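We did not get these values from a lab; they are worked out from the coordinates using the rules stated. Quick caveat, the model's predicted, so the values are computed rather than measured. Here the Cβ positions follow ideal geometry from the backbone for every residue, glycine too, while neighbour counts run over all protein chains shown.
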Amino acid sequence: MIAHLSGTLLSRQATSVILDVGGVGYEVTIPLSTFYELEELGSKVQLRIYTHVREDALQLYGFKTARERELFMRLISVSGIGPKLGITLLSGMSADEMIASIRNNNLARLTLIPGVGRKTAERLVIELRDKIATLALPEPEDLTGSQAGKGAAPSEDFVRSDALSALVNLGYQRSAAEKAITAALDEGGEISVETILRRALRRLAK
């Protein structure tokens with residue numbers, strides 16, 4: 001099983017990347033929490049990997065930190081939660097907020113994430129509340145902050161399109177995602193896919 005990849009970042013989207021490792025391009029699905037921390041194209045990137053094997057496919061899921069990968073594995077151990085929903089969960093809120101919501105039985109916050117109904121939220125709390133205590137504190141590597149470089153500012157149309165695609169892929173309704181993105185852009189200030197996604201998700205979580 002592939003557990004770690006280190007290579008050159010060839011492609012960078014909100015929900016997936018392609019890493020060139022020794023001349024082989026690996027497509028890896030990522031949560032938004034990892035996307036926010038990614039370096040620029042052409043940079044060397046290391047990802048912790050979870051390999052999901054099915055009869056008809058082998059899928060790779062990547063994370064910037066071991067803590068993030070461990071939380072993902074705990075999430076998909078819950079009945080009814082597969083890798084796709086696990087990625088959506090880690091995209092809908094930060095690891096710290098996810099852990100706090102589960103430990104504090106915050107069903108209302110959990111059910112705001114697409115694909116998470118009340119029964120699923122209850123299973124998350126019941127099955128994981130005691131199991132995620134060891135993940136409550138960030139590892140030292142998680143405290144370093146983003147190392148992503150800053151390139152040329154993207155156009156507003158590009159940011160809008162990329163952010164909308166990411167939210168729709170994560171299960172948010174297109175109309176709601178469009179409204180949240182428009183409101184996020186109207187706030188002004190920095191315009192980047194990362195910034196607009198953060199703002200839009202905050203609005204969708206209300």
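Scanning the range 1-50 for residues that are closer than 15 Å to Val193 by Cβ and among the small types (Gly, Ala, Ser) yields Ser11, Ala14, Ser16, Ser33. When Thr134 is tested against (1) more than 22 Å from Tyr50 (Cα to Cα); (2) surrounded by fewer than 18 Cβ atoms within 10 Å (Cβ to Cβ); (3) polar (S, T, N, Q), exactly one condition is not met: (1).
Just checking, which of Gly62, Gly80, Gly25 is at positive phi and out of contact with any Pro (no Cβ under 6 Å at 6 or more places or on another chain)?
From the options Gly62, Gly80, Gly25, the qualifying one is Gly80.
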